[in-house]
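This is the structure I want to talk about, given as structure tokens.
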Amino acid sequence: MAGHETTVNLIGNSVLALLSDPGQMAALLPGAVEEFLRYDGPINIATVRFTTAPVPVGDVEIPAGEFVMISLLAANRDADRFPDPDLLDLTRPAAGHLAFGHGIHHCLGAPLARLEAEIALGRLLDRFPAMTLDADPADLRWRDSTLIHGLHGLPVRLA
């Protein structure tokens with residue numbers, strides 16, 4: 001699953017984001033994949049974690065030894081870290097997102113995933129620059145998964 005499902009959904013989520021905001025296509029830069037990862041990454045909830053020491057989160061303290069679920073999608077929309085976090089901005093310096101995890105849990109395949117997404121998106125948009133979404137966004141079905149964040153399908157019209 002790692003390296004396949006994640007990259008497939010990164011590409012699908014990125015294409016949907018572009019087709020939902022076509023003005024961003026002109027801003028498609030080599031660093032755009034970082035913003036796609038931050039904006040709508042392919043991993044919803046990180047794998048199981050336990051606290052090893054008390055962890056303060058806002059006004060709450062999670063005691064040591066507690067099971068926690070970390071939402072990477074929510075972390076990447078943190079307004080304290082990213083201005084206008086719900087806005088796709090391909091010119092944003094998106095360094096610091098958690099789409100690939102962090103520390104000892106950082107994804108070993110991150111460089112390959114970035115390269116695959118950059119090549120796939122670049123080739124797709126070079127070949128079909130007038131591609132449009134061929135469905136109402138409200139009708140798109142998202143996978144029912146706590147781990148993977150992606151669509152069941154993405155109908156497009158190639159021009």
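What's the local net charge at Ala79, with K and R +1, D and E -1, over the other residues with C-beta under 14 Å away? Write down the numbers at each step before the final one.
Values: positive: Arg38, Arg77, Arg81, Arg92; negative: Asp78, Asp80, Asp84, Asp86, Asp89.
Around Ala79, the surrounding residues sum to -1.
Within a Cβ distance under 14 Å of Ile148, other residues only, what is the Lys/Arg minus Asp/Glu net charge?
On the way: positive: Arg141, Arg143; negative: Glu5, Asp40, Asp144.
So the surrounding residues net to -1.
Here's something else I'd like to know. Can you pull out the trypsin sites (Lys or Arg not before Pro) in the stretch 1-95 whose DSSP state is coil and whose Cβ has at most 10 other Cβ atoms within 10 Å?
Numbers: sites: Arg38, Arg49, Arg77, Arg81; in loops: Arg77, Arg81.
Those that pass, being in a loop and sparsely packed, number zero.
Between Val68 and Leu108, what is the FRET efficiency for a Förster distance of 22 Å, r being their Cβ-Cβ separation, to the nearest 0.05? Don't skip to the answer; put the middle values down first.
On the way: r = 23 Å, r/R0 = 1.02.
Taking R0 as 22 Å, the efficiency between Val68 and Leu108 is 0.45.
If you don't mind, there's one more thing I want to ask. What length, rounded to one decimal in nm, is gained on full extension from Thr91 through to Thr146, with 0.36 nm per residue of separation minus their alpha-carbon distance? Don't skip to the answer; put the middle values down first.
Details: separation 55, 0.36 × 55 = 19.80 nm, distance 2.96 nm.
Extra length available between Thr91 and Thr146 comes to 16.8 nm.
³J(HN,Hα) across the stretch 130-147 via Karplus (A = 6.51, B = -1.76, C = 1.60, θ = phi - 60°), whole Hz, x for Gly/Pro?
Each residue's phi maps through the Karplus curve to give 9, 4, 9, 6, 10, 6, 6, x, 5, 8, 5, 9, 8, 4, 8, 8, 7, 8 Hz.
Kindly provide the Kirkwood hydrodynamic radius of the chain in Å, to one decimal, from all pairs of distinct alpha carbon atoms.
16.8 Å
Pick from Asp40, Asp80, Asp59: which residue has the top mean-square fluctuation in a GNM of the chain where Cα pairs under 10 Å get a spring?
Largest GNM mean-square fluctuation: Asp59.
Which helices, taking whole DSSP H runs in the chain, have alpha carbons extending 24 angstrom or more along the helix axis plus mean Kyte-Doolittle at least 0.0?
On the way: long enough: 110-127 (25 Å, 0.26).
Span-like helices, by this rule, are 110-127.
From largest accessible area down, sort Val156, Val33; use a 1.4 Å probe on the protein chains.
The residues order as Val156, Val33, largest area first.
In whole Hz and in residue order, list the ³J(HN,Hα) couplings for the stretch 46-56 that follow from phi through the Karplus curve 6.51 cos²θ - 1.76 cosθ + 1.60, θ = phi - 60°; x for Gly and Pro.
So the J values, rounded to whole Hz, are 5, 5, 3, 9, 10, 6, 9, 8, x, 10, x.
Largest first, how would Phe82, Phe128 line up by accessible area (1.4 Å probe)? Please list the in-between numbers first.
Numbers: Phe82 5, Phe128 45 Å².
Listed by decreasing accessible area, they come as Phe128, Phe82.
Multiply the residue separation of Thr47 and Leu158 by 0.36 nm, subtract the distance between their alpha-carbon atoms, and state the gained length in nm to one decimal. Each step should come with its number before you reach the end.
On the way: separation 111, 0.36 × 111 = 39.96 nm, distance 3.68 nm.
Gain on stretching Thr47 to Leu158: 36.3 nm.
Within 13 Å, Cβ to Cβ, of Pro111, how many net charges do the neighbouring residues add up to if Lys/Arg are +1 and Asp/Glu are -1?
On the way: positive: Arg114; negative: Glu34, Glu116, Glu118.
Here the charged neighbours net out to -2.
Turning to a different aspect of this structure: Most fluctuating residue of Ala135, Ala74, Ala120 in a GNM of the chain with Cα springs under 10 Å: which is it?
Ala135
Taking 0.36 nm per residue of separation and subtracting the Cα-Cα distance, what length does fully extending Ser20 through Ala138 add?
41.3 nm
So how much accessible area does His105 have, in Å² to the nearest 10, using a 1.4 Å probe?
100 Å²
Dividing the Cα convex hull volume of the stretch 46-97 by residue count, how many Å³ per residue is that? Could you put the intermediate results ahead of the total?
Details: hull volume 4.9 nm³, N = 52.
It is 95 Å³ per residue.
The values are calculated or read from the model by the stated rules, or taken from the named source; none is laboratory data. The structure presented is a predicted model; accordingly, all values stated were derived computationally and were not measured. Positions of Cβ are backbone-derived with ideal geometry, glycine not excepted, and every protein chain shown enters the neighbour counts. Note: areas computed on protein heavy atoms with side chains; ligands, DNA, RNA excluded. Shrake-Rupley method; radii C 1.70, N 1.55, O 1.52, S 1.80 Å.
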